[in-house]
Every structure is written in C-alpha cells, then in structure tokens.
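These notes are about the structure you will find just below.
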Amino acid sequence: CDGRRPMPLIGPAMSNRITSPFGTFSTAREVVAGRDLTGRTAIVTGAATGIGIETARALAEAGAEVIIAARKPDLAAAAAADINHTAKGPEARFEMLDLASLASVRAFAERWGGRPLDLLINNAGVMACPLARTVDGLEMQIGTNHFGHFLLGVLLAPALEAGAQKSGSASRLVSLSSIGHRRSDIQWDDPNYRTRSYDKWESYGQAKTANSLFAVGFHARYASRGVTANAVMPGGIMTPLQRHMERAEMVALGWIDPETGAVREGFKTPEQGASTSVWAAVGRELEGVGGLYLENCAEAAPWTPEAPFIGVMPHALDPESAERLWVLSLQVTGIKAEA
C-alpha cells in the first residue's frame, strides 16, 4: 500500500517479462487451486490478520503445514483456528515472533532448529507510524520491516536449504515490498533517523525499498544452494496495516469516499491482495527464478510517471545497493560476515 490514491493498473510491457494466468484481482485461492502442497512447510510472518491470514489460509487449503509467526498470541491463535476449518494438511499453528526484537527473532530461529522449511513469507509490517524505536533502538519501520526479517531469513536459510534437499525443488523466500518504495531509496547516512527529521512516508518507502533489495541480495547468495527469493507488491488493501492512520488522512489521500466511507476503486480485498504472495510461493513460472519484484501475479514492469502506482524503480533492484544493504544489515543484526 502507498500513501496516495490508486490509479489505473496499466504500464509498459516487457517482451521477456514473466507472467501467469492470474491477474490484478485474482484471489489467493485461485492461484493455489489444483496444487498439492502436502509435505511442504511454510512460515508466514504477520499472518494473524490482513493479507497474511489469507496467504496462510490458501497454503493450508492446498495441504501445506503453516506456521503463523506473529507477536499477538490471541489474534494468532484465533487465525489458526479459523484456517483449520478448511486446512487440508496438518493444522496451522502459532509461534511467537516479534520482529521489533532481534532477541525474539533469534529465539524463534533457535526453536525452529534444523527442521526443513520450504517457504518463508516475510509478510508482517508496519506502515506510516509516528517515530518510534524497536527494543534494539532501530527506527520502527526499517527495524521491523527489514532488519527483523533480514535476521529471520538468514538464520532460517539452513532450514530452507534442507527443505530444498528434502523436496528436490527450490525452497522460496517471499519478501513483501510496496509501491511505496518509490518514495525513498535507502538513506545511507542515517537510515534510523538519529539526526535527521522524521517523515513517516519517507521512512516507509525506505523500508519497502529495503524489502526488495533483501530479496535481490538473498537470491544472489542462496540460489546456488537451492533457495530463491523474490519481492512482492501486494497492491492497495484496507487491513490493520492502516492502524496508524486517521480517517481524515485516508480521505485526503483519496483512499476512502468522504460521504460513504467506501473504499475507492482500485483497492483489493485481502484475498486478492494475498494472490501475488501465493504466486511467488508456488507459481511454476518462478521455479528457479529470483531477484525479481512481482505485482499483480506477474513480474513488474519498470516504473514510469505515466503509471505511477505500479512498476518498480531501479533503486529497488540495484545489485550494488543490495550488497551494500546486506553488509549494513550484517552489522546491525550482529550476524557473522560469511552469511
């Protein structure tokens, strides 16, 4: 989601762009229909609400074992119970994970151990919050959306490798980005807003750029080990992600009608918003493919001013920036440099 009104979903074509039979308003269930994920294991962060629960539901209905990694036990337990009404495989379950605490991320990974993992969907996030800091002193948006997920992905990489060896096909990491990435590249001099003025939308944009660059960097390191990674833009969806926004602000941005309160045309339902995440996780067109930015169940075209609410900007896929962010993230999270 982005801090402006959605526009028509058109953009430039690329002759070699990866596409699928699905589109902008396909649902997660449609994407996974006919797929048998029996024996596959998936972790979905932030899957207690919003597009996360719909992502988890679709995977569970296809037979996957789904773990909801979230920080609110009551919501997550309710989500798991709801999913289990229609799950075809093992019952979905909850595991505690607070991405705003690096210690919590490490504890989650330690509990997981070396169990094979097929899918890691980094879905959780915070958007446009007032200036706040994680327990480790990081700015909340990049701290939660990127650094927490970075640590989780690297610590679980051996489990993803084990999943690939067990299944005989590549495991996949899915990193949720946003069209909001166009609002900011990484602010290398001060990514945590320690000395500069805070802007909640710039901060969000920086975090979403980081999510995309993480997929680029992760794929570059782990594809040869049987793990691919792609970034996903889910689209504009009304979910608890907007919890930090007042109604008046959403009206001003053109997201909701001031008279009726109805969501403006162009927004997706949570079921539709989860479709690209699910396609990134199971799409046959993406077997062995990574380092891409996906939207509307296809590889995104380059961003243009004529279609400003879709597409990907060069800074979100830049391999040199991905490497620079990787080094910074190692330092911030305290992971050994060989990761």
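Here, each number is a calculation from the coordinates, and none is a lab measurement. What you see is a predicted model, and the numbers here were worked out from it, not measured in a lab. Cβ placement follows ideal geometry from the backbone for every residue including glycine, while neighbour counts extend to all protein chains displayed.
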Counted neighbours (other Cβ, 10 Å), sorted fewest up, put Trp279, Trp188 in the order Trp188, Trp279
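Show that you can apply the helix-only estimate: for the chain, add -39,500 (n - 2.57) for every DSSP H stretch of four or more residues, divide by all residues, and state [θ] at 222 nm to the nearest 500. Can you show the working numbers first?
Working: 11 runs with 113 residues, N = 339.
Only helices count here, giving -10000 deg cm²/dmol.
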Non-local residues with an amide H under 5 Å from the amide H of Ala47, with H modelled 1.01 Å from N and Pro and chain starts lacking one, are Ala69
Projected label distance in nm at Asp136 and Arg221, using a 7 Å step from Cα toward the beta-carbon
1.3
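For Thr38 and Glu320, compute 0.36 nm times the residue count separating them, minus their Cα-Cα distance, and round to one decimal in nm.
Working: separation 282, 0.36 × 282 = 101.52 nm, distance 3.83 nm.
Here the segment from Thr38 to Glu320 would lengthen by 97.7 nm.
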I need the Kirkwood Rh of the stretch 28-331: take the reciprocal of the average 1/r across all distinct C-alpha pairs and report it in angstrom.
19.1
Listed by chain and number, the residues whose amide H is under 5 Å from that of Leu37, excluding neighbours fewer than 5 places away on the same chain and using placed H, are Gly63, Ala64
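Ranked highest first by the average count of other Cβ atoms within 10 Å around their residues, in what order do 294-300, 130-136 fall? Intermediate results must be reported in sequence, preceding the final value.
Working: 294-300: 23.6, 130-136: 13.9.
Ranking the peptides 294-300, 130-136 by packing returns 294-300, 130-136.
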How far, in nm, would the chain grow between Asp74 and Glu91 when pulled straight, counting 0.36 nm per residue and subtracting the alpha carbon separation?
4.4 nm
Could you estimate the translational diffusion coefficient of the stretch 49-152 from the Stokes-Einstein equation, with Rh from the Kirkwood formula over C-alpha pairs, at 37 °C and 0.692 mPa s, in whole µm²/s?
229
The stretch 101-176: Kirkwood hydrodynamic radius (Cα pairs, Å) comes out at 13.2
Expected vector for the stretch 172-187, Karplus 3J(HN,Hα) from phi with 6.51, -1.76, 1.60 and θ = phi - 60°, integer Hz, x for Gly and Pro, equals 9, 10, 10, 10, 7, 9, 5, 4, x, 4, 5, 6, 6, 6, 5, 8
Calculate one ³J(HN,Hα) per residue across the stretch 26-41 by plugging θ = phi - 60° into the Karplus curve 6.51 cos²θ - 1.76 cosθ + 1.60, and present them in order as whole Hz with x for glycine and proline.
5, 9, 4, 5, 5, 5, 8, 4, x, 8, 10, 9, 4, x, 8, 10
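Whole-Å semi-axes of the stretch 147-192's equivalent ellipsoid, largest first, each the root of 5 times a Cα gyration tensor eigenvalue? All intermediate terms of the calculation are to be shown ahead of the outcome.
On the way: eigenvalues 179, 37, 9 Å².
For the stretch 147-192, the ellipsoid semi-axes come out as 30, 14, 7 Å.
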So in the chain, what percent of DSSP beta bridges are antiparallel if you round to the nearest 5?
15
With label points built 7 Å along Cα→Cβ from the Cα atoms of Gln331 and Glu110, find their separation and express it in nm.
2.7
Would you pull out the residues with amide H under 5 Å of Ala229's amide H, same chain only if 5 or more places away, H placed 1.01 Å from N?
Leu173, His219, Gly291
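Just to check, using Stokes-Einstein with a Kirkwood Rh over alpha carbon pairs, what's the diffusion coefficient of the stretch 176-226 at 4 °C and 1.567 mPa s in µm²/s? Write out the running numbers ahead of the final one.
Working: Rh = 11.8 Å.
Diffusion coefficient, whole number: 110 µm²/s.
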Residue exposure sequence - Ser101, Ser169, Ser275 - by fewest surrounding Cβ within 10 Å:
Ser169, Ser101, Ser275
Expressed in nanometres to one decimal, the distance between label points 7 Å along Cα→Cβ at Thr24 and Trp188 is 3.7
Karplus-derived 3J(HN,Hα) from phi for the stretch 49-60 (6.51 cos²θ - 1.76 cosθ + 1.60, θ = phi - 60°), whole Hz, x at Gly and Pro, runs 8, x, 6, x, 5, 6, 5, 4, 4, 4, 5, 5
